[in-house]
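Beneath this line is the structure, given in structure tokens, with notes to follow.
The values are calculated or read from the model by the stated rules, or taken from the named source; none is laboratory data. Please read all numbers here as calculations on a predicted model, not as lab measurements. Here the Cβ positions follow ideal geometry from the backbone for every residue, glycine too, while neighbour counts run over all protein chains shown. Heads up: the accessible areas ignore ligands, DNA and RNA and are worked out on the full protein's heavy atoms, side chains in. Shrake-Rupley method; radii C 1.70, N 1.55, O 1.52, S 1.80 Å.
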Amino acid sequence: MKTDTSSLEIIKSTTSKLDQTKLDKLVFGEIFTDHMLECDYENGKWKTPKIKPYGPIELMPSAKVFHYGQAVFEGMKAFKDEDDKIWLFRPEENFKRINVSGARLAIPEFPKDYFFNGLEELLKIDKEWIQKGFGNSLYIRPFVIATEECVSAAPSTKYKFMIICSPAQAYYSGEVRVKFSETFSRAADGGVGYAKAAGNYAAQFHPTNLAKEEGFQQIVWTDANTHEYLEEAGTMNIFFRVGDKLLTAPTSDRILDGVTRKSIITLAEEFNIPVEVRKVSVKEIVEAARKGELKEMFGAGTAAVINPIVGFGHKGEKFELPKLEDTYASFFKDKLMKIQYNQAEDKYGWRYEVKQ
Ligand SMILES: Cc1ncc(COP(=O)(O)O)c(C=O)c1O
């Protein structure tokens with residue numbers, strides 16, 4: 001898409017933090033680039049977006065976001081190839097999803113040209129923050145918050161859309177063992193599980209802390225009605241390999257329609273890996289583990305791409321997965337990353353160049 005900067009106000013920072021930033025020692029999500037995008041909604045419309053130096057925003061304590069959590073967000077990444085070209089991965093999906101999430105929380109739709117023009121211009125201004133090298137990226141966090149100064153429990157009349165960016169290195173979380181949830185739920189039928197609503201994530205913290213006390217790193221969320229079906233792993237979609245078959249739950253109003261998940265399903269079909277998108281029961285996975293047929297479990301999401309799971313706990317019992325040489329997890333991770341970093345053919349048109 002052509003960048004039309006006429007609909008964008010740009011105030012450049014006079015200094016840069018890049019010199020003092022150790023780009024080889026990054027903790028995920030802690031450091032932010034020099035600029036951010038800000039766009040306010042008032043009187044029924046989005047005003048001209050602004051790029052300005054990264055810094056604090058001023059809000060009244062009565063701003064609705066603080067009281068009712070009317071807020072949604074996205075997570076995406078920019079990659080730099082060996083020729084310094086900048087690429088995004090399926091950004092249309094993130095654009096569509098922030099509006100799907102927003103609609104569920106009564107947040108007005110954000111315009112597509114503002115999203116793409118603003119994001120591309122921001123990436124060009126902060127391009128030195130995007131490091132080359134397989135695994136390095138710039139994590140992009142678009143979000144919307146309700147800013148109206150009023151504590152009545154009704155949708156805000158004012159909003160702020162923002163994009164902030166954080167340099168990231170390859171994600172490594174150590175060995176991940178998960179607990180299949182037996183009581184807590186992250187989403188319910190008719191609820192907001194399919195939306196990237198801020199509150200969904202806050203609600204996960206407490207159960208996840210309890211699981212950590214038991215020696216697990218993450219929770220696998222089960223369906224809220226019966227806790228018999230496996231739905232998502234922490235903040236990722238989840239895949240199981242039973243024998244040579246790949247299983248993953250269908251998307252629903254409880255499950256986020258992940259970009260990584262749907263890309264893996266497409267690749268599995270291309271490479272003749274049998275993939276079944278259907279409800280996956282706790283019972284069948286426990287049985288497969290007992291019989292030695294459960295070969296892999298992994299989470300899929302933008303931050304980690306793929307996060308292998310080495311073991312799980314269910315009703316007090318702990319299971320370890322076999323250590324395989326050739327895993328589906330590493331196969332898909334390599335395939336996806338090569339497309340993201342412009343090192344492989346892009347059959348499906350997933351790569352999106354940020355023209356400089
Ligand atoms: C709850 C949840 N599920 C799944 C995902 C993975 O989605 P994606 O692959 O689009 O990053 C995310 C992260 O974005 C998430 O927050």
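Please determine whether any residue of the stretch 86-95 is of a type outside the set (S, T, N, Q) and either farther than 26 Å from TYR352 by Cβ or out of contact with any helix residue (DSSP H, G or I) (no Cβ under 9 Å at 6 or more places or on another chain) (or both).
Checked the stretch 86-95: no residue is of a type outside the set (S, T, N, Q) and either farther than 26 Å from TYR352 by Cβ or out of contact with any helix residue (DSSP H, G or I) (no Cβ under 9 Å at 6 or more places or on another chain) (or both).
Looking only at helices (runs of 4 or more DSSP H) that lie completely in the stretch 39-156, which have at least 3 residues being more than 16 Å from the ligand (Cβ to nearest atom) and open to solvent by less than 10 Å² (accessible area, probe 1.4 Å)?
It comes to 112-125.
Tell me, which residue of the stretch 223-262 that is within 8 Å of the ligand (Cβ to nearest atom) and among the hydroxyl-bearing types (Ser, Thr, Tyr) is surrounded by the fewest Cβ atoms within 10 Å (Cβ to Cβ)?
In this case the residue turns out to be THR235.
Just to be sure, is TYR201 open to solvent by 60 Å² or more (accessible area, probe 1.4 Å), within 16 Å of the ligand (Cβ to nearest atom) and at negative phi?
no
Yes or no: PHE216 away from the ligand (no atom under 15 Å from the Cβ), at pLDDT 95 or above and surrounded by 19 or more Cβ atoms within 10 Å (Cβ to Cβ)?
It is true that PHE216 is away from the ligand (no atom under 15 Å from the Cβ), at pLDDT 95 or above and surrounded by 19 or more Cβ atoms within 10 Å (Cβ to Cβ).
For the stretch 167-194, give me each residue that is under 30 Å from PHE134 (Cβ atoms) and surrounded by 18 or more Cβ atoms within 10 Å (Cβ to Cβ).
Once the filter is applied, which keeps residues that are under 30 Å from PHE134 (Cβ atoms) and surrounded by 18 or more Cβ atoms within 10 Å (Cβ to Cβ), the stretch 167-194 yields PRO167, ALA168, VAL176, ARG177, VAL178.
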